[in-house]
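The values are calculated or read from the model by the stated rules, or taken from the named source; none is laboratory data. Since the structure is predicted, the reported quantities are computational estimates derived from the model, not experimental observations. Neighbour counts run over all protein chains shown; Cβ positions are idealised from the backbone, glycine included.
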Amino acid sequence: MAEDFTPFLIGGALAAAAIGIGAAVVLAQPPPPPPPPGGIGTGLSLAITPNPAPVNQPVAVTGRLIRVDTSVGLPSQTILIETSTDQLVWLQVTSALTGNDGSYGAQLTFTAPGTYYIRARFAGA
């Protein structure tokens, strides 16, 4: 069964996308849940370019971490970048630190054709 990709998690955040190495894949994402009482929600975006991508060519993974109540970026936070080929087993491949405006970026290279799922995670502060 495929994992439900929820782009916003309270106390943390998750964003997911898929990249086709030789084929493009689009994933639909449901709306974020409301923040819990007294909690501050965070939002994490994720963009992959190019998609599809050639084998052995760098793929840019970029996005932004924000407070959902103010849309202000969260600086100096660690974002974990993970990949999967089946959406069941995920491997952390790198991490990125958010800049002053909450933006982050990393590069990945895939060495074989196929569909790869990429997700970014923020565990919360």
Yes/no for Val93 being surrounded by fewer than 18 Cβ atoms within 10 Å (Cβ to Cβ) and either part of a loop (DSSP other than H, G, I, E, B) or in contact (Cβ under 8 Å) with a residue 24 or more places away in the chain (or both): no
Do we have any residue at all in region 50-64 that's among the charged types (D, E, K, R) and either modelled with pLDDT under 90 or surrounded by fewer than 17 Cβ atoms within 10 Å (Cβ to Cβ) (or both)? no
Which number in (1) of a type outside the set (Gly, Ala, Ser); (2) under 14 Å from the mean Cα position of the chain (by Cα); (3) part of a loop (DSSP other than H, G, I, E, B); (4) modelled with pLDDT of 55 or more marks the one condition that Gln29 misses? (4)
Can you say whether Gly99 is within 13 Å of the chain's Cα centre (by Cα) and either among the aliphatic types (A, V, I, L, M) or at pLDDT 95 or above (or both), as far as the supplied structure shows? no
Filtering region 40-64 down to residues that are of a type in the set (A, V, I, L, M) and assigned to a strand (DSSP E or B), which residue is nearest to Arg121 (Cα to Cα)? Leu44
Subset of region 96-105 (residues that are surrounded by fewer than 20 Cβ atoms within 10 Å (Cβ to Cβ) and in contact (Cβ under 8 Å) with a residue 40 or more places away in the chain): Ser103, Gly105
For region 65-82, how many residues are within 11 Å of Tyr104 (Cβ to Cβ) and part of a strand (DSSP E or B)? 6
